[in-house]
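The values are calculated or read from the model by the stated rules, or taken from the named source; none is laboratory data. Note that the structure is a prediction, hence the values are computed from the model and not measured. Don't worry about glycine lacking a Cβ; one is built from the backbone with ideal geometry, like all the others, and counts go over all protein chains shown. The accessibility values were calculated without ligands, DNA or RNA, using every heavy atom of the protein model including side chains. Shrake-Rupley method; radii C 1.70, N 1.55, O 1.52, S 1.80 Å.
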Amino acid sequence: MAITAAQVKELRQRTGSGMMECKKALVEADGDVDTAIESLRKTGLAKADKKAGRVAAEGLIVMKKSDDGKGAVIVEVNSETDFVAKKEEFQTFANKVAEKALAALTDDVAALMSADGDDLENDRKELIAKLGENINVRRFARISSSANIADYLHGVRIGVLAEVEGGDEDLARDVAMHIAASNPAFISEKDVDPAVLDKEKAILVAQAAESGKPDNIIEKMVEGRIKKFLAEITLLGQPFVKDPDVTVGQLLEKAGATMLAFNRIELGEGIEKKEENFAEEVMAQVRGE
């Protein structure tokens with residue numbers, strides 16, 4: 001049967017697929033729009049599997065807070081390019097993931113994506129087919145507490161959740177902002193992994209030994225440098241970004257507050273990005289890869 005422009009338009013509106021894909025699906029479905037939709041969905045899932053190995057290091061950091069302010073979540077959703085990350089469909093999907101993660105009873109991404117009959121996973125694969133890039137939900141972190149919870153988002157690339165007992169919401173937000181800027185690895189010295197400390201100490205001892213100074217002087221040199229190292233990597237030891245004359249620890253102590261926990265997620269952190277080749281990227285799109 002002849003396929004009309006109106007049928008193609010309806011299918012495009014309902015699936016977001018390209019004009020030629022829609023026309024081909026309608027021809028194969030003998031004009032039945034619902035059958036064509038099912039065919040396009042199956043094709044989309046196959047395309048999503050094909051793109052699964054491609055590096056996705058761009059995207060969005062999305063945050064949600066519960067209505068009562070006692071819970072918050074931070075989510076990283078990746079795409080291959082920031083161009084796709086700016087698309088409304090991608091942002092809608094990322095926000096849906098955050099809403100689901102906030103209400104979820106799991107801290108596992110795979111479990112989150114497969115909940116409710118693979119609702120999010122199907123959405124992800126359909127979005128890959130529509131936007132033409134690999135899309136991943138990489139990680140999320142959630143805090144539930146009766147303490148002050150601050151959620152701070154720096155652009156779309158860095159998100160922080162900070163849980164502070166005592167003080168007020170402004171203090172918690174200031175600390176969250178500081179964490180975004182200074183990226184501490186630990187809250188305090190007692191939280192530092194002994195292996196990290198031992199490794200740093202070994203490096204400092206080797207460096208100090210090259211000075212040729214006596215062992216007792218070397219010991220004092222290393223002790224001072226370890227103290228400086230700990231101040232740099234611990235939240236409480238870092239100079240507060242808004243007032244470097246005081247440490248974050250002193251700021252909290254003055255307010256009678258205690259830092260309980262924090263989560264900091266930076267977009268694409270730790271993902272090895274491949275060198276972009278624009279010509280190859282265009283040819284891949286032409287070939288429909």
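To keep it simple, each residue is scored yes or no on (1) open to solvent by less than 50 Å² (accessible area, probe 1.4 Å); (2) touching a Lys or Arg at 6+ places or on another chain (Cβ under 6 Å); (3) charged (D, E, K, R).
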residue	(1), (2), (3)
ASP119	yes, no, yes
ASP123	yes, no, yes
ALA129	yes, yes, no
GLY132	yes, no, no
ILE143	yes, no, no
ALA147	yes, no, no
VAL156	no, no, no
LEU161	yes, no, no
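Restricting attention to region 249-269 and to residues that are free of Cβ contacts under 8 Å to residues at least 24 places away in the same chain and closer than 19 Å to GLU232 by Cα, the residue that is surrounded by the fewest Cβ atoms within 10 Å (Cβ to Cβ) turns out to be GLU253.
Among the residues that make up region 219-240, is at least one of them open to solvent by less than 50 Å² (accessible area, probe 1.4 Å), of a type in the set (A, V, I, L, M), in contact with a helix residue (DSSP H, G or I) (Cβ under 6 Å, 6 or more places away or on another chain) and modelled with pLDDT of 95 or more? Checking region 219-240: at least one residue is open to solvent by less than 50 Å² (accessible area, probe 1.4 Å), of a type in the set (A, V, I, L, M), in contact with a helix residue (DSSP H, G or I) (Cβ under 6 Å, 6 or more places away or on another chain) and modelled with pLDDT of 95 or more.
Scanning region 164-196 for residues that are open to solvent by 50 Å² or more (accessible area, probe 1.4 Å) and part of a loop (DSSP other than H, G, I, E, B) yields a count of 4. With (1) open to solvent by less than 30 Å² (accessible area, probe 1.4 Å); (2) modelled with pLDDT under 80; (3) among the small types (Gly, Ala, Ser) as the list, and ALA46 as the residue in question, which single condition is left unmet? With (1) open to solvent by less than 30 Å² (accessible area, probe 1.4 Å); (2) modelled with pLDDT under 80; (3) among the small types (Gly, Ala, Ser) applied to ALA46, the lone miss is (1). When each of ARG12, ARG54 is tested for being within 17 Å of GLU126 (Cα to Cα), open to solvent by 60 Å² or more (accessible area, probe 1.4 Å), in a loop (DSSP other than H, G, I, E, B) and modelled with pLDDT of 70 or more, the lone residue that passes is ARG54. ASP68 fulfils the conditions (1) modelled with pLDDT of 80 or more; (2) open to solvent by 30 Å² or more (accessible area, probe 1.4 Å); (3) within 30 Å of ARG142 (Cβ to Cβ); (4) in a helix (DSSP H, G or I) except for a single criterion, (4). Do we find that ARG142 is within 30 Å of ALA85 (Cα to Cα) and of a type in the set (D, E, K, R) in this structure? So ARG142 passes the test.
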